[in-house]
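Notes follow the structure.
The values are calculated or read from the model by the stated rules, or taken from the named source; none is laboratory data. Computed from a prediction, not measured in an experiment: that's the story for all the values here. Counting neighbours? That spans all protein chains shown, and the Cβs are built from the backbone with ideal geometry, glycine included.
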Amino acid sequence: MTFALALEQLLNGVQLGFMLFLMAAGLTLVFGVMGLINLAHGSLYMVGAFACAAVAAATGSFWLGLAASLAFAAGAGALMEITVIRRLYNRDHLEQVLATYALILIFSEGTRWLFGSFPLYLDIPPLLQGAVSLPGGAQYPLYRLAIIITGALVAGGLYLLISRTRLGMRIRAGESDREMIAALGVDIRTLYTLVFALGAALAGLAGAMVGAIQSVQVGMGEPVLIFAFVVIIIGGIGSIKGAFVGALTVGVVDTMGRFLLPQILTLFVSPADAKPMGAAIASMLIYLVMAFILAVKPRGLFPAQA
Amino acid sequence: MNREVSINAAMALALLAVPIIALQIGQTFTITLATRIAILALAATGLNLALGLGGLVSFGHAAFFGIGGYAAGILSAHALSGEPMMFGFEGSQSMPVIWLVAAVLAGLIGLGIGVVSLRTSGVYFIMITLAFAQMIFYFAISWPAYGGEDGLSIAVRNGFPGLNTMRPMEFFLVAYGLLMLTLGLFSLIRSSRFGAALQAVRQNDVRVASIGIKPFPIRLTAFVLSAMITALAGALYADLNRFVSPSMFSWHMSGELIVLIILGGTGRLFGPLAGAALYVILEFVLGGMTERWQFFLGLILLAVVLFARGGVMGLLAGKARHG
């Protein structure tokens with residue numbers, strides 16, 4: 001194990017963390033403001049990736065694809081909110097789970113209908129191809145670095161939006177008291193649609209950016225969705241700050257676990273056993289971390305007031 | 001006899017009558033469908049105990065379903081290969097032994113998951129149970145000893161004393177008998193003191209605590225029992241397909257179990273059976289009409305949640321007597 005390799009893995013973990021943050025931010029906002037658990041958030045991630053891949057393939061421009069991913073995901077989110085989600089706010093979580101589970105079936109099968117079962121591929125734009133040198137002599141892909149920077153910028157922008165703007169003030173008010181903010185004359189329905197579309201756009205952005213590293217296919221949103229759930233549980237549901245800390249924790253713990261555990265285990269068992277055992281434990285690691293955190297703090301690291 | 005009881009009896013008889021008729025006219029596939037309905041109904045009845053009576057929305061019951069499946073797969077693999085497993089146990093191909101192992105194992109793991117998960121409530125509970133199931137799912141995928149991602153075949157369906165389970169009808173009767181016994185148990189539990197406490201905990205746990213009953217042990221007991229029943233169904237499901245794979249642990253499976261309960265009617269005795277029957281029939285009919293059946297299944301589920309609250313039992317038998 002060299003320092004350069006470890007640094008590269010650490011950066012991969014941070015990159016995964018920022019991706020997860022983009023997903024988790026939307027989930028946690030929707031839960032915090034509307035009290036809704038949305039399983040179909042992963043479908044919006046998939047919509048973003050497919051929109052980006054399709055538009056990039058048609059126009060030849062990744063950047064147009066990226067813009068399309070934001071627009072399509074936000075549009076799909078708004079449509080989802082107006083047609084279905086809106087009717088679920090006053091229902092219990094069980095019904096929300098079932099309805100959004102049904103939405104996943106519809107979105108996944110609908111996408112397969114439109115695009116077929118074969119994965120699409122999305123090329124990294126020429127501007128971001130290549131690698132940068134890291135201290136210690138390693139090379140790190142420029143594109144992944146760009147994802148980290150984008151994630152950090154979005155996180156900063158989201159912080160400013162929520163703490164400094166009128167919309168953010170309303171979102172925070174919606175989190176602490178839904179009835180009161182409606183009574184004060186704020187158009188709560190439009191606010192809900194906006195928050196949902198904002199979360200959807202962030203998920204779509206994440207999907208489009210990851211689409212260039214992995215393949216774009218039906219079902220790609222599901223593993224990420226479950227990771228994002230772990231993130232918001234660790235962070236405390238409803239808390240953006242919690243989502244940020246949780247996302248980076250999960251990203252780094254998962255990546256470093258997969259990298260380090262097989263090597264650590266070679267100290268105790270034979271190398272032939274260490275690899276599968278390390279991989280098995282590493283894939284469970286974030287869930288163990290989550291169980292531990294919940295055992296200590298049942299409402300997550302940064303519990304929301306409501 | 002009130003309306004719900006007669007509808008329940010009619011459903012129980014119909015589930016028995018259909019395979020018998022199918023056997024007479026040589027429609028073996030229908031027997032397999034009925035067996036699938038009985039097994040899924042059994043799994044959902046397990047979940048119904050926690051979810052319907054106790055209000056514990058577990059989104060991770062696939063964990064127990066899969067544990068049951070792997071218990072069947074692993075025990076019979078060892079019995080066939082003659083290779084002893086842990087503690088020198090030789091494996092088994094006898095269903096009662098497998099069921100016992102499946103239920104005990106799922107009970108213990110359910111106890112562990114329950115102790116941690118029941119510290120939380122609401123959405124946290126939904127997600128933490130999901131996360132535990134995912135943990136086991138990934139473990140099953142990456143642990144190569146029993147097939148890993150590829151799963152494990154069961155060469156010969158496990159046996160039940162006195163029956164030839166390779167015959168579809170006799171295997172159906174095993175599944176049907178177990179389902180009916182479990183429904184009887186569910187009904188007993190529901191009307192017992194424990195059942196009353198469990199339902200009271202669902203309705204208002206603060207009140208229950210204030211009259212001196214601790215909600216936590218009641219919830220935990222319900223969760224563990226529920227896990228054990230779902231594991232039995234998992235063992236049967238493995239025998240039905242003669243194959244187990246990590247997909248039994250997948251979160252789609254957990255979602256499907258919840259779907260069955262809500263389709264049928266949450267907390268109703270025969271809700272899981274009504275839900276499983278409707279689900280399997282829909283899957284079969286839609287699957288025969290279009291390759292895109294999941295799309296339409298999604299639309300139907302959505303319509304049920306939005307417009308037909310109370311599920312099949314709600315439509316047929318009216319509202320449940322207890323809220």
Among residues of region A:229-285 being buried (at least 22 other Cβ atoms within 10 Å of the Cβ) and not in a helix (DSSP H, G or I), the residue nearest to the other protein chains (Cβ to nearest Cβ) is A:237
Got a number for residues in region B:298-317 being buried (at least 16 other Cβ atoms within 10 Å of the Cβ) and either touching a residue at least 60 places away in the same chain (Cβ under 8 Å) or more than 9 Å from chain A (Cβ to nearest Cβ) (or both)? 7
Selection within region A:130-159 - modelled with pLDDT under 85, exposed (fewer than 15 other Cβ atoms within 10 Å of the Cβ) and in contact with a helix residue (DSSP H, G or I) (Cβ under 7 Å, 6 or more places away or on another chain): A:130, A:131, A:132, A:136, A:137
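Among B:75, B:42, B:33, which is the only one that is buried (at least 24 other Cβ atoms within 10 Å of the Cβ) and within 30 Å of residue B:265 (Cβ to Cβ)? It would help to see each step written out before you state the result.
Values: B:75 fails: within 30 Å of residue B:265 (Cβ to Cβ); B:33 fails: buried (at least 24 other Cβ atoms within 10 Å of the Cβ).
One residue alone meets the criteria, B:42.
For the condition in contact with an Asp or Glu (Cβ under 6 Å, 6 or more places away or on another chain) and not hydrophobic (A, V, I, L, M, F, W, C), what is the one hit in A:13, A:42? Quick ask: steps written out before the conclusion?
Values: A:13 fails: in contact with an Asp or Glu (Cβ under 6 Å, 6 or more places away or on another chain).
Only one candidate qualifies: A:42.
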If I filter region B:104-116 for residues that are at the interface with another protein chain (Cβ under 8 Å from one of its Cβ atoms) and not basic (Lys, Arg), do I get at least one hit? yes
Suppose we filter B:270, B:243 for residues that are surrounded by fewer than 20 Cβ atoms within 10 Å (Cβ to Cβ), more than 14 Å from chain A (Cβ to nearest Cβ) and touching a residue at least 24 places away in the same chain (Cβ under 8 Å); which single one remains? B:243
Could you please find all residues in region B:159-186 being in contact with a Lys or Arg (Cβ under 9 Å, 6 or more places away or on another chain) and either modelled with pLDDT under 90 or surrounded by fewer than 22 Cβ atoms within 10 Å (Cβ to Cβ) (or both)? B:165, B:166
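Could you go through region B:294-307 and let me know if any residue there is under 20 Å from residue B:49 (Cβ atoms) and not β-branched (Val, Ile, Thr). So that I can check it myself, show each step before the final result.
Filtering region B:294-307 down to residues under 20 Å from residue B:49 (Cβ atoms) leaves none.
The answer is no, given that none of the residues of region B:294-307 is under 20 Å from residue B:49 (Cβ atoms) and not β-branched (Val, Ile, Thr).
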Would you check which residues across region B:134-189 are within 14 Å of another protein chain (Cβ to nearest Cβ) and in contact with a Leu (Cβ under 9 Å, 6 or more places away or on another chain) and list them? B:135, B:146
Residue in region B:284-297 that is within 11 Å of another protein chain (Cβ to nearest Cβ), within 22 Å of residue A:92 (Cβ to Cβ) and touching an Asp or Glu at 6+ places or on another chain (Cβ under 8 Å) present: no
Per the list (1) at the interface with chain B (Cβ under 10 Å from one of its Cβ atoms); (2) over 19 Å from the mean Cα position of the chain (by Cα); (3) touching a residue at least 40 places away in the same chain (Cβ under 8 Å), residue check on residue A:295 breaks on (3)
Having 2 or more residues that are over 28 Å from residue B:296 (Cα atoms) is the bar; report the helices (runs of 4 or more DSSP H) wholly within region B:175-283 that clear it. B:193-203, B:205-210, B:215-241
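Given A:59, A:83, A:100, which one is without any contact (Cβ under 8 Å) to a residue 60 or more places away in the chain, closer than 19 Å to residue A:34 by Cα and of a type in the set (Ser, Thr, Tyr)?
Numbers: A:59 fails: closer than 19 Å to residue A:34 by Cα; A:100 fails: without any contact (Cβ under 8 Å) to a residue 60 or more places away in the chain.
Exactly one of A:59, A:83, A:100 is without any contact (Cβ under 8 Å) to a residue 60 or more places away in the chain, closer than 19 Å to residue A:34 by Cα and of a type in the set (Ser, Thr, Tyr), namely A:83.
Hey, could you check region B:117-133 for residues that are of a type in the set (S, T, N, Q) and surrounded by 22 or more Cβ atoms within 10 Å (Cβ to Cβ) and say which is nearest to the other protein chains (Cβ to nearest Cβ)? Explain how you work it out, then say what you get.
Filtering region B:117-133 down to residues of a type in the set (S, T, N, Q) leaves B:117, B:120-121, B:129.
Checking the rest, the ones that are also surrounded by 22 or more Cβ atoms within 10 Å (Cβ to Cβ) come to B:117, B:129.
Values: B:117: 8, B:129: 11 Å.
The extreme case among them is B:117.
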With respect to the numbered conditions (1) assigned to a helix (DSSP H, G or I); (2) more than 18 Å from residue A:190 (Cβ to Cβ); (3) in contact (Cβ under 8 Å) with a residue 60 or more places away in the chain, which one is the sole condition not fulfilled by residue A:95? (3)
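Determine, yes or no, whether residue A:120 is more than 7 Å from chain B (Cβ to nearest Cβ) and of a type in the set (A, V, I, L, M).
yes
Per-residue answers, yes or no, for (1) within 21 Å of residue A:232 (Cα to Cα); (2) more than 14 Å from chain B (Cβ to nearest Cβ):
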| position | (1), (2) |
| --- | --- |
| A:9 | no, yes |
| A:54 | no, yes |
| A:57 | no, yes |
| A:80 | no, no |
| A:96 | yes, no |
| A:106 | no, no |
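Which of the residues that make up region A:82-92 are more than 7 Å from chain B (Cβ to nearest Cβ) and either hydroxyl-bearing (Ser, Thr, Tyr) or part of a helix (DSSP H, G or I) (or both)? Steps first, please.
Residues of region A:82-92 more than 7 Å from chain B (Cβ to nearest Cβ): A:82-83, A:85-86, A:88-92.
Those that are more than 7 Å from chain B (Cβ to nearest Cβ) and either hydroxyl-bearing (Ser, Thr, Tyr) or part of a helix (DSSP H, G or I) (or both): A:82, A:83, A:85, A:86, A:88, A:89.
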In the list B:94, B:58, B:81, which residue meets the criterion of being modelled with pLDDT of 90 or more and hydroxyl-bearing (Ser, Thr, Tyr)? B:58
